[in-house]
Each structure stands twice: as C-alpha cells, then as structure tokens.
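First comes the structure, then the notes that go with it.
The values are calculated or read from the model by the stated rules, or taken from the named source; none is laboratory data. Predicted model, so just to flag it, every value in this text is computed and none were measured. For neighbour counting, all protein chains shown are included, and Cβ atoms are generated from backbone atoms with ideal geometry for every residue, glycine included.
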Amino acid sequence: MSGAAESATAPPRDRLARDRKAEHIRLALDAGNQSAHSFFDDYAFEHRALPEINLADIDVSVDFLGKRLEAPILVSCMTGGTEAAGEINRNLAEAAERCLIAIGVGSQRKALEDPLQASTFQVRDLAPSVPLLANLGAVQLNYGYGIEECRAAVEMIGADALALHLNVLQEAIQPEGQTDFSGLLPKMGSIAAQLEVPVIAKEIGCGISGRTARALLEQGIRIIDTAGLGGTSWARIEARRAGDVEIGERFADWGIPTPVCIRDVASVEGLTVIGSGGIRSGVDTAKAIALGANLVGMAFPLLAPATDSADAVVEKVERIVDELRIAMLSVGVRTIDELRRVELGKRSER
C-alpha cells in the first residue's frame, strides 16, 4: 500500500475491519465502481433472418453439480456477515429456488471467526433444490486455514461445492489485506483432493488465464469461474475504503477481459467454465456461452434488486432469460449446447 492509504485522512484500520462487509455492499451498488466498458459489446453474432425454429421450443436448461437448472445462471458469490447482507442472501436464495438457478454466498471467513454471523449465510432452507456454493478466500490457506475450515464452510450452509476465490489485487489494496499468495496452488490441490464436494477456483474481477486454468486442472480443480475484467472494480472499492482513490484508478482496468478469459479457459479440455465478470444481460449471457462458458455468473445486476425483495430478483432473472432465448432464436439454436458451437466474431469483422 502507498503512504496515502495510511494518511491522516484514511479511516482507522479497526473501523475498516469492523465495517468492511457493509462498506462492500454500499460501494458495490455504486455504478461508479463498475467498468466503463463492456467487453462483450466488442463481439457480435451473425443474425439469422430465417432461423427455422420456434421460440417456444428453445430450451435453456443445463446440468450443474448434478442438478438440473432451468437457466445457465449462477448468482455469483457476493456477501454475508451483516444483517443487511443476510437479508440480501435470503432474497437471492428465494429467487434462485423459484427460478431454479445456482447461487453462491460471500466469503464465510467472518462466520468461521464469529459463529453469530453464520445465519447471514445460511439460506439452504430457502433454496433446497438448487446448487449452493460455499466460499472462502484461497489466500486463507496461507493464514491458518486448512481442510477443517473448508469443511466447516461447506457444512455451515449445506453447500454442493466450495469456491476458493483468488483476489490478489483486492488484498494488495485492501487496508487489512492478506498478501502472501506464495505456494497456494498445491494447497488448493490438497483441499480439492480431500474435500467431499467439488472445489471451484474463481477470480473476483481480474480474470483467470488459460495457463492458470491448466495449473488448477493439474491440481484436480475442474470448475473455473473466470470473473474477468469488465464488471465491478474491487481495486476502486478498496482504494475508496483506504482513502487512496489514486491507486484505485491506477488499477481500475487491470486484468484480463472476460470474453478473453472465457475463450482461453474453455480451450482447456476437461474444465467446466463459469463465465463471469461484467455480464449484464441475456445478450451478454448468450455471447459468454458462445465463447465457451457452460453457464454464467452474475452479481451486480442482481444486487440492487436483492436489496428490495425476492420478487425483484425474480423479475430481473426472468428478463435476462427472456433476452437469452430471443438471442438464441435470432441465431437459430434450440439448446445451450448448440449455442456453445455458434461462431461469435469481433464487431470489426462483421
């Protein structure tokens, strides 16, 4: 961290630690902390004027973690650990169950340290039949966490998988960040080998390359969430919390654009790819799948509705699914598997 982050104008570290979850929600809702450019706008489908299919026959269902989803959507891991976060998670979970889509919770580290916070993550009663992801920071494996803590996170919420998130840039800028990322790959592999549910490796906004995906696969991790550049900027958010806006702007565009991540990771045989990072619509969803994603993750588009009600989240999800189905009709495909084989080109090439 630069000296500016430790200046007299920066909030004290103890208050930052105490308020981190609430501040993350507030700042994540600020559109100013979103990428100014949608990299999916750089890509376009070839329109089929005669698709020769019926919109009513389009099937957007997929299998994920042994369960059937009505749409290829994951409510990305977002929050937990405060009363407001608990309400958000409950609205998201209820909506996920009603729409039959997957859902993840935010980092459960706080609940492992303070069991009174566990209830803000526990939503299985509201989402009994859909895939539910537990979540811990991979870097915690260098700060005393191991298989027992990973099992505890899974058991806490009755999860179908554990997401180990990779957040190098966020931790480096975060005032209370933990920055020892050395030797994590074999430790993640050890967790994947011992844990009773699958491990998912996910970034949080800077992307995962094909090279990193291959290394993770060699460690037995077969599900990758790209979480590339193009959505929420955690560099901006943590810099604002630290009182050092300059460093946030310096790194606001750091990372691999999500479409590039998806195509690169999808080229690694044997992986399930969750495309996420700046996916805002059903059209973006269709493009992500055509680039090679098996399903997509979304956070920001669902966060504001989740502060309102489950009904508001359902309405947003249904709109996204409608847009996806219209996009599929317009390129002439009936299933998600067919959509993954559709050519998607750069706009400059059309």
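The table that follows gives values for the structure above.
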{"quantity": "Residues of the range 214-266 that turn out to be charged (D, E, K, R) and under 24 Å from L344 (Cβ atoms), as a count", "calculated": "5"}
{"quantity": "Residue list for the range 306-319, restricted to those being buried (at least 19 other Cβ atoms within 10 Å of the Cβ) and either touching a strand residue (DSSP E or B) at 6+ places or on another chain (Cβ under 7 Å) or among the polar types (S, T, N, Q) (or both)", "calculated": "V317"}
{"quantity": "Residues satisfying the stated conditions in the range 134-170, i.e. of a type in the set (G, A, S), assigned to a loop (DSSP other than H, G, I, E, B) and buried (at least 22 other Cβ atoms within 10 Å of the Cβ)", "calculated": "A159"}
{"quantity": "Unique residue being farther than 28 Å from G66 by Cβ, crowded, with 24+ Cβ neighbours inside 10 Å and either in contact (Cβ under 8 Å) with a residue 24 or more places away in the chain or of a type in the set (S, T, N, Q) (or both) when the list is S281, S233, S276", "calculated": "S233"}
{"quantity": "Single condition D41 does not satisfy, out of (1) within 21 Å of L302 (Cβ to Cβ); (2) of a type in the set (D, E); (3) at pLDDT below 85", "calculated": "(3)"}
{"quantity": "Selection within the range 126-174 - among the β-branched types (V, I, T) and touching a Cys at 6+ places or on another chain (Cβ under 9 Å)", "calculated": "V130, V168"}
{"quantity": "Any helices (runs of 4 or more DSSP H) falling wholly within the range 222-294 and containing at least 2 residues that are touching a strand residue (DSSP E or B) at 6+ places or on another chain (Cβ under 6 Å)", "calculated": "258-266, 282-290"}
{"quantity": "Check on L329, within 23 Å of the chain's Cα centre (by Cα) and part of a helix (DSSP H, G or I)", "calculated": "no"}
{"quantity": "Filtered residue count, the range 23-38, keeping only those that are of a type in the set (A, V, I, L, M, F, W, C), in a loop (DSSP other than H, G, I, E, B) and under 17 Å from C206 (Cα atoms)", "calculated": "1"}
{"quantity": "Tally of residues being outside any helix (DSSP H, G or I) and either under 20 Å from the mean Cα position of the chain (by Cα) or aromatic (F, W, Y) (or both) across the range 178-214", "calculated": "14"}
{"quantity": "The lone exception for G345 - which of (1) surrounded by fewer than 18 Cβ atoms within 10 Å (Cβ to Cβ); (2) at pLDDT 95 or above; (3) of a type in the set (G, A, S); (4) over 28 Å from H165 (Cβ atoms) it fails", "calculated": "(2)"}
{"quantity": "The range 297-326, residues that are over 25 Å from N33 (Cα atoms) and assigned to a loop (DSSP other than H, G, I, E, B)", "calculated": "none"}
{"quantity": "The range 273-328, residues that are of a type in the set (S, T, Y), more than 18 Å from I256 (Cβ to Cβ) and out of contact with any Pro (no Cβ under 9 Å at 6 or more places or on another chain)", "calculated": "T307, S309"}
{"quantity": "Near pairs, Cβ below 8 angstrom, 6+ apart or cross-chain, from the range 219-230 (crowded, with 24+ Cβ neighbours inside 10 Å) to any residue that is of a type in the set (D, E)", "calculated": "D225/E203; T226/E203; A227/E203; G228/E203; L229/D253"}
{"quantity": "Enumeration of residues in the range 64-109 that are hydrophobic (A, V, I, L, M, F, W, C) and at pLDDT below 95", "calculated": "C77, M78, A84, A85"}
{"quantity": "D19 being of a type in the set (D, E), modelled with pLDDT of 85 or more and in a helix (DSSP H, G or I)", "calculated": "no"}
